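The structure under discussion appears below in the form of structure tokens.
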Amino acid sequence: MEKNLRKNNQKAWEQNTYKAWLNRFGTPEKAAKKIIKDPIKRLSTLYKYFDELEGKKVINLLGSNGNKAVALALLGADVTIADFSYGNYKYAKDLADASNVDINYLVKDVLDLPKEELTGKYDYVFAELGILHYFQDLKPLMETIYKLLKKDGRLILQDFHPFSTKLISSRGKRHKTRKHKIKGDYFDTSLEERDVAFLKFLKEEDRKNFSKVKLRKWTLGEVITAIASEGLFIKVLEELPNMSSNVFDPGIPKSFTVVAEKI
């Protein structure tokens, strides 16, 4: 069932993906200029958890369109992306070329990576925002992360906070206080069918007959337990408010960051 779920989600991510990123970020050349100008800004709150990047090997799991990977490469890292979408690959490679950096892109399901990747050669495993809910079982993902990391290597994981994704419905306009309503079940373990994340960046005529993704939303306790159970030492759990400048959204955790090391 897990493999069928991943195949279903991969199919959803193969639909007009490149066009969606063109609409969201502009051409790779245009997007590259912004990243080159300030790659640290593109990494935002995550940058402080990379102790050193020059010459370090980083693998960005489900690295999507490559914005973060290109920023890391510009800061001196040897970067690999693993992601199952060819549309993501195409945009990321064009973005890297426009930024005059090299990235290695594995168009692969992250749970089916080649054996030569699972030899403990990476200083950092990095994943961010909208990653964990694509897995029906977190154990195989954490096993993969453990195999990717060197001894003393570091997992840097940032994702949407389950308090917001599982429990809260928010409404409100830009630059105004948002209104929140509790409507979910924090402990619900069922799969949820949703539109693919980039659909909002496509025009109406490009949205026809789109496959949906199926997501499993995890509690914070489940995430932390899955990481620790694999033998990774958790150093940081940071909970963050809405970081967008477009909304005033006080007091609600919107994302969290976990830093864990292989000891």
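May I ask you to derive the relative contact order of the chain, considering only C-alpha pairs under 8 Å and at least 6 residues apart, and to give it as an integer percent?
Computed over the chain, the figure is 20 percent.
Among Ala92, Ala197, Ala69, which one shows the biggest mean-square fluctuation in a GNM of the chain, springs joining Cα atoms closer than 10 Å?
Of Ala92, Ala197, Ala69, the most mobile in the Gaussian network model is Ala197.
Explain nothing, just the number: relative contact order of segment 183-224, from Cα pairs under 8 Å at least 6 residues apart, as a whole percent.
Over segment 183-224, the number comes to 52 percent.
Which residues' amide hydrogens lie under 5 Å from the amide hydrogen of Phe135, considering only partners 5 or more residues apart or on another chain, with H built in the peptide plane?
Arg216
Tell me, what is the Rg over Rh of segment 1-156, with Rh the Kirkwood radius over Cα pairs?
Here the Rg-to-Rh quotient is 0.95.
Determine the shape class of segment 76-175: with a ≥ b ≥ c the square roots of the Cα gyration tensor eigenvalues, call it rounded for a/c under 1.5, and otherwise prolate if a/b is greater than b/c, oblate otherwise. Please list the in-between numbers first.
Numbers: a/c = 1.94, a/b = 1.29, b/c = 1.50.
It comes out oblate by the Cα gyration axes.
Step through the residues of segment 44-54 one at a time and calculate ³J(HN,Hα) from phi using the Karplus curve (6.51 cos²θ - 1.76 cosθ + 1.60, θ = phi - 60°), rounding each to whole Hz and writing x for Gly and Pro.
6, 5, 7, 4, 5, 8, 8, 4, 8, 10, 4
Going by amide H atoms built from the backbone, whose H comes under 5 Å of the H on His161, apart from near neighbours?
The answer is Ser255, Phe256.
Sorted by average packing, counted as other Cβ atoms within 10 angstrom per residue and highest first, what order do 136-143, 119-126, 77-84 take?
77-84, 119-126, 136-143
What does the charge dipole of segment 1-128 about its Cα centre add up to, to the nearest 20 debye, if the Cβ of each Lys and Arg holds +1 and the Cβ of each Asp and Glu holds -1?
Around 520 debye, computed over segment 1-128.
Under 20 °C and 1.002 mPa s, how fast does segment 179-239 diffuse according to Stokes-Einstein, given a Kirkwood radius computed over C-alpha pairs? Answer in µm²/s, whole number.
My calculation gives 142 µm²/s for D.
Going 7 Å from the Cα of Ile263 along its beta-carbon direction, which residues of segment 115-157 have the amide nitrogen within less than 12 Å of the resulting point?
In segment 115-157, the label zone of Ile263 (backbone N under 12 Å from the point 7 Å along Cα→Cβ) covers 152.
What FRET efficiency comes out for the pair Glu2/Ile36, r = Cβ-Cβ distance, R0 = 30 Å, nearest 0.05?
Details: r = 39 Å, r/R0 = 1.31.
Step by step, r from the Cβ atoms, then E = 0.15.
For segment 16-79, just say rounded, prolate or oblate: build the C-alpha gyration tensor, square-root its eigenvalues into a ≥ b ≥ c, call rounded for a/c under 1.5, and beyond that prolate if a/b exceeds b/c, oblate if not.
Prolate, since a/c reaches 1.5 and a/b exceeds b/c.
Normalised radius of gyration for the chain, please: alpha carbon Rg relative to 2.2 N^0.38 Å, two decimal places.
That ratio works out to 0.98.
Enumerate the amide H contacts of Gly153 below 5 Å, restricted to partners 5 or more residues apart or on another chain; note that Pro and chain-start residues carry no placed amide H.
The answer is Lys262.
For the chain, what does -39500 (n - 2.57) per DSSP helix run (n ≥ 4), summed and divided by total residues, give at 222 nm, in deg cm²/dmol to the nearest 500? It would help to have the intermediate numbers written out before the result.
Values: 8 runs with 78 residues, N = 263.
Estimated from H runs of four or more residues: -8500 deg cm²/dmol.
Within the chain, what whole-number % of the accessible surface is contributed by carbon and sulfur, with the 1.4 Å probe and all protein chains included in the calculation?
Carbon and sulfur together cover 49 percent of it.
Order the peptides 61-68, 93-100 from the highest to the lowest mean number of other Cβ atoms within 10 Å of their residues.
Going from most to least packed, we get 61-68, 93-100.
Have a look at Val79, Ala127, Phe163 and report the one farthest towards the positive end of the charge dipole of the chain, computed about the Cα centre with Cβ charges (Lys/Arg +1, Asp/Glu -1).
Of the candidates, Phe163 comes out farthest on the positive side.
Over segment 97-170, give the accessible area per residue in Å² for a 1.4 Å probe, as an integer.
41 Å²
Based on the mean of other Cβ atoms within 10 Å per residue, sort peptides 252-260, 231-239, 29-37, 8-16 so the most packed one is first. Could the numbers behind the result be given before it?
Working: 252-260: 19.6, 231-239: 14.2, 29-37: 16.3, 8-16: 18.0.
With the highest mean Cβ count within 10 Å placed first, the list reads 252-260, 8-16, 29-37, 231-239.
Accessible surface of Ile131 in the full protein assembly, 1.4 angstrom probe, to the nearest 10 Å²?
Per-residue accessible area (Ile131): approximately 10 Å².
Find the centroid of the Cα atoms in segment 94-168 and in segment 1-80, then give the distance between the two in whole Å.
Going from one Cα centre to the other spans 11 Å.
The values are calculated or read from the model by the stated rules, or taken from the named source; none is laboratory data. Please read these numbers as outputs of a predicted model, since none were measured by experiment. Note that each Cβ is placed from the backbone with ideal geometry, even for glycine, and that neighbours are counted across all protein chains shown. For the accessible areas, the whole protein counts, side chains as well, though only heavy atoms, and no ligand, DNA or RNA atoms are used. Shrake-Rupley method; radii C 1.70, N 1.55, O 1.52, S 1.80 Å.
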